[in-house]
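In what follows, a single structure is set out as structure tokens and then discussed.
What follows is calculated from the coordinates using simple rules that are stated; it is not laboratory data. Just so you know, these numbers come straight off a predicted model, no measurement behind them. Cβ placement follows ideal geometry from the backbone for every residue including glycine, while neighbour counts extend to all protein chains displayed.
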Amino acid sequence: MTVKSSISLTDPQARFARTLVESGQYSSVSSVLQQGLELLRQKNEAEELELAALRQLVDRRMSGSIISAGEMDAVARQPPCPVPTTTLAGYSGRRGCVFYCL
């Protein structure tokens, strides 16, 4: 279904949209705006998914055990983990981070 709508564009926005139509990339200014809205929708959806994933990560971290700064320093001073880097995603050869071998 299509809904007719009246919108206002700044002069630079209108020029840019007309340039895209004149170059043959889009059939009309309406098509340019539809594509722009679709990209904005996709961006917002991706941001919402990322935010949800970050919230889950924070929740998992908050429910885990807490160690003191001194304990973390001790972990950081330990020698590198002997597990080969190919077996751990994100492994950097040091201990202490969630991506490292503890």
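Taking 0.36 nm per intervening residue step and subtracting the Cα-Cα distance, what contour gain separates residue 71 from residue 42 on full extension? Present the calculation step by step, with values, prior to reporting the outcome.
Numbers: separation 29, 0.36 × 29 = 10.44 nm, distance 4.28 nm.
Roughly 6.2 nm would be gained on extension.
Given charges of +1 on the Cβ of Lys and Arg and -1 on the Cβ of Asp and Glu, with all other atoms neutral, how large is the dipole of the range 11-64 about its Cα centre, in debye to the nearest 20?
Values: 7 positive and 8 negative charges, 24 e Å.
Here the size comes out at about 120 debye.
Sketch the reach of a paramagnetic label on residue 35 as a point 7 Å from Cα along Cα-to-Cβ, and name the residues of the range 1-29 whose backbone nitrogen lies under 13 Å away.
Label zone hits: 16-29.
Give me the one-decimal nm value for the distance between modelled label points at residue 13 and residue 54, 7 Å along each residue's Cα-to-Cβ direction.
Calculated label separation equals 2.7 nm.
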